[in-house]
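Worksheet: the structure to be examined is printed underneath.
The values are calculated or read from the model by the stated rules, or taken from the named source; none is laboratory data. This one's a predicted model, so the numbers in the text were calculated from it and none came from an experiment. Here the Cβ is made from the backbone with ideal geometry for all residues, glycine too, and neighbour counts use every protein chain on show. Heavy atoms of the whole protein, side chains included, go into the accessibility calculation; ligands, DNA and RNA do not. Shrake-Rupley method; radii C 1.70, N 1.55, O 1.52, S 1.80 Å.
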Amino acid sequence: MSLSRTDFGFRGRFRSMASPCELLIASCDERLAFSLTQAAIKECQRLEQKYSRFLAGNWLWRLNHSAGAPFMLDSEAAALFQFAKRCWQLSEGLFDITAGPLLALWCFEKGKGSDTLMPGSADIKNALSRVGFQHLKFSPHFDDRVEDTSPQKIADSPWIMLPEAMQLDFGGLVKEYAADRVAELCMTRAAATEVLVNLGGDIAVSGKKCWQVGIEDPANLDRAAELMSLDVGALATSGDSRRFIEHQGHRYGHILDPRSGYPVQGAPHSVTVKAASCITAGMLATLAMLKGAAAEDFLKAQQLEHRIIR
């Protein structure tokens, strides 16, 4: 962690969820800035430890290895599953957190910029047989129970049954959810202080300050192609500028189509969406990428401010 002074207050920097992260804090109170940054780090670490599919023995690992037995969910996990279910339904299966077996076949970070071998068609076919949100089983009245916080409902905890060999991946939700959580923490701890939370490009704000946020140029990384104003809500960006592989002269982005098992064809290089929450903005940005050549039409229909770079 590092904390430095800026012309508007303080900038707290740290790394989490394989991404550079920062808090921009419009305050001259160094102790407050330090406290908020420490709270952000703690919350991001908690969520990464719980939901990362790369950590053996954590909560998600135990769920992914539950072999079809009922697995109890706390209220946070149940709410995330409810959101994931809505995403899957609204996207007609394009946004699917059960795509873990497919993701395990593709090594986008390792292959970046090199002529990398593609997964074999037989391996992809086998992985596809273990993908599909419709195969998950939830406790009766699961959707109602998530919203009900009465003591009797809390005692009657919701559960999920994950068929053996299926693997969940929360990578398309948790970093955005973390941005929302950190912004909420900042509002709770310092309601009068404007804060911008930036977790690797997933952004949420707390307060009323109007921030100017740069949209990264995919062709010139670490430089802004344009600016978007943000004084309330959140921004999220999905794209292939940093996670891709090259094979026989073709570039493949990391957004996989769960119907084919291959990277989406015709997708933009970058999609940025502004919404009331970062988790919603992230879902819409990812879904626009999954729409490929139809990304523009999809986002136009949502009537939300957005930017697309091809």
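At a 1.4 Å probe radius, carbon and sulfur cover how many percent of the accessible area of the chain?
51 percent
Per-residue counts of other Cβ atoms within 10 Å, averaged by peptide: what ranking do you get for 281-289, 170-178, highest first?
Ranking, from highest mean packing down: 281-289, 170-178.
What's the local net charge at residue 133, with K and R +1, D and E -1, over the other residues with C-beta under 9 Å away?
0
Using heavy-atom solvent-accessible surface (probe 1.4 Å) with all chains present, what is the largest-first order of 130, 189, 242?
The ordering from most to least exposed comes out as 189, 242, 130.
Quick check for me: using +1 on Lys/Arg Cβ and -1 on Asp/Glu Cβ, what's the dipole size of the chain about its Cα centre, in debye to the nearest 20?
Roughly 400 debye, rounded to the nearest 20.
Report, in debye and to the nearest 20, how large the dipole of segment 160-310 comes out about its Cα centre when Lys and Arg carry +1 and Asp and Glu carry -1 on their Cβ.
About 120 debye.
Find which of 163, 141, 276 sits farthest along the positive direction of the dipole of the chain, computed with +1 on the beta-carbon of Lys and Arg, -1 on that of Asp and Glu, about the Cα centre.
Farthest along the dipole direction, towards plus: 163.
As I understand it, the dipole of segment 220-278 uses +1 on the Cβ of Lys and Arg and -1 on the Cβ of Asp and Glu, about the Cα centre. Which of 258, 230, 245 lies farthest toward its positive end?
Value: 258.
Placing +1 at every Lys and Arg Cβ and -1 at every Asp and Glu Cβ, with all other atoms neutral, what dipole size does segment 235-310 have around its Cα centre, in debye to the nearest 20?
Dipole magnitude for segment 235-310 comes out near 80 debye.
Order 217, 74 by their accessible area, 1.4 angstrom probe, all chains in place, largest first.
So the residues, ranked largest to smallest area, are 74, 217.
Give 50/208; 274/300; 137/175; 125/300; 85/291 a once-over and call out the pairs whose C-alpha atoms are over 22 Å from each other.
50/208; 137/175; 125/300
Using the per-residue mean of other Cβ atoms lying within 10 Å as a proxy for protection, in what order, highest first, do the peptides 46-56, 93-103 fall?
In decreasing order of mean packing, 46-56, 93-103 become 93-103, 46-56.
Once both labels are modelled 7 Å past Cα along the beta-carbon direction, what's the residue 49-residue 4 spacing in nm?
Label-label distance for residue 49 and residue 4, simple model: 2.9 nm.
Given labels modelled 7 Å from the Cα in the Cβ direction, how far is it in nm from residue 129 to residue 18?
2.7 nm
For the chain, build the charge dipole from Cβ charges (+1 Lys, Arg; -1 Asp, Glu) around the Cα centre, then report which of 75, 10, 211 sits farthest towards its positive end.
Going by the Cα projections, it comes out as 10.
Using a 1.4 Å probe, what is the accessible area per residue for the chain, in Å²?
49 Å²
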